[in-house]
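Reading through the structure tokens given below for one structure.
The values are calculated or read from the model by the stated rules, or taken from the named source; none is laboratory data. Since the structure is predicted, the reported quantities are computational estimates derived from the model, not experimental observations. Positions of Cβ are backbone-derived with ideal geometry, glycine not excepted, and every protein chain shown enters the neighbour counts. Surface areas here come from the heavy atoms of the whole protein model, side chains and all, with no ligands, DNA or RNA. Shrake-Rupley method; radii C 1.70, N 1.55, O 1.52, S 1.80 Å.
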Amino acid sequence: VAYKGNGTAGHQIPHSLSKSPEMIWIKNRDDNDDWAVGHKGLNGGTNPWEYDLVLNTNEAEADNVNRWNDTAPTSTHFTVGTSNRVNLDTENYIAMLFASVDGISKVGYYTGDDSTDGSKVITTGFQPRFILIKSSSNSGENWNVLDSTRGMSTGSSDKRLILNTGDAQTTVDIVDISSTGFAFRAASGDFNANNYKYIYYAHA
């Protein structure tokens, strides 16, 4: 969605997703501002639209009314506050909206448990070819991207890229992929540390 800011809290932006967005990325196209990220799993899923993340940093979630105006998106609109990242008067923005679709995509969240034996299973309902994971509760943890095009499968090392840095990909055995989701083979803070809260997006 492309829209223009008006600087007013509660600015409603129409969309045509036909369901309520479960994750939103917004970037100011006119200024050197950070990306704003909303996700239904922030704050462990309790009042998640009172919080936000930053796509281009490894910061933890923050409680900030100026991002989403403490208002959950609906099937027709999403709402922004007064932050320069989402709604500066006359500035131009791009918003990217994501939602779960049976058999195609899954927006979700989980709590890590330090397991490395595959016992921590995330069910998506399909075999994922793309996975994005971020710790929402702890700072210093990266936005991690895995995909089958570069290399992601069961029983082999996975090629990881990090969205918030310019680093080259690394090879780490992180997940096992199945026809219904993925299971963890690593227990780092980036993926599956004990009691860390995580958000994810997976696509078939």
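Could you pull out the residue among Asp190, Asp176 that is of a type in the set (Asp, Glu), more than 30 Å from Asp33 (Cβ to Cβ) and in contact with a strand residue (DSSP E or B) (Cβ under 6 Å, 6 or more places away or on another chain)?
Asp176
Could you list all residues from segment 35-56 that are open to solvent by 50 Å² or more (accessible area, probe 1.4 Å), at negative phi and not acidic (Asp, Glu)?
Of everything in segment 35-56, those that are open to solvent by 50 Å² or more (accessible area, probe 1.4 Å), at negative phi and not acidic (Asp, Glu) turn out to be Trp35, Lys40, Thr46, Asn56.
Could you count how many residues in segment 156-185 are surrounded by 18 or more Cβ atoms within 10 Å (Cβ to Cβ) and either among the aliphatic types (A, V, I, L, M) or not in a strand (DSSP E or B) (or both)?
5
Would you pick out the residues in segment 8-24 that are under 21 Å from Thr90 (Cβ atoms) and open to solvent by 40 Å² or more (accessible area, probe 1.4 Å)?
Thr8, Ala9, Gln12, Pro14
Where in segment 1-44 are there strands (runs of 3 or more DSSP E), lying wholly inside it, with at least 1 residues that are among the polar types (S, T, N, Q)?
Because the criterion is at least 1 residues that are among the polar types (S, T, N, Q), the strands (runs of 3 or more DSSP E) in segment 1-44 that meet it are 11-14, 23-28.
In the list Glu59, Glu91, which residue meets the criterion of being within 15 Å of the chain's Cα centre (by Cα) and acidic (Asp, Glu)?
Glu59
Among the residues of segment 57-93 satisfying the criterion of being acidic (Asp, Glu) and more than 20 Å from Asn32 (Cα to Cα), which is surrounded by the fewest Cβ atoms within 10 Å (Cβ to Cβ)?
Asp63
Within segment 1-42, how many residues are touching a strand residue (DSSP E or B) at 6+ places or on another chain (Cβ under 8 Å) and either over 22 Å from Ser75 (Cβ atoms) or of a type in the set (Gly, Ala, Ser) (or both)?
14
Out of the residues in segment 141-155 that are outside any strand (DSSP E or B) and open to solvent by less than 40 Å² (accessible area, probe 1.4 Å), state the one that is nearest to Val121 (Cα to Cα).
This residue is Met152.
Would you check if there is a residue in segment 117-127 being of a type in the set (S, T, N, Q), at pLDDT 95 or above, part of a loop (DSSP other than H, G, I, E, B) and open to solvent by 50 Å² or more (accessible area, probe 1.4 Å)?
yes
One line per residue, one yes/no per condition, for (1) touching a strand residue (DSSP E or B) at 6+ places or on another chain (Cβ under 6 Å); (2) of a type in the set (S, T, N, Q):
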| position | (1), (2) |
| --- | --- |
| Gly81 | no, no |
| Gly118 | yes, no |
| Thr123 | yes, yes |
| Leu132 | yes, no |
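Scan segment 101-109 and tell me whether some residue there is among the hydroxyl-bearing types (Ser, Thr, Tyr), touching a helix residue (DSSP H, G or I) at 6+ places or on another chain (Cβ under 9 Å) and either surrounded by fewer than 17 Cβ atoms within 10 Å (Cβ to Cβ) or on the phi < 0 side of the Ramachandran plot (or both).
Among the residues of segment 101-109, at least one is among the hydroxyl-bearing types (Ser, Thr, Tyr), touching a helix residue (DSSP H, G or I) at 6+ places or on another chain (Cβ under 9 Å) and either surrounded by fewer than 17 Cβ atoms within 10 Å (Cβ to Cβ) or on the phi < 0 side of the Ramachandran plot (or both), which makes the answer yes.
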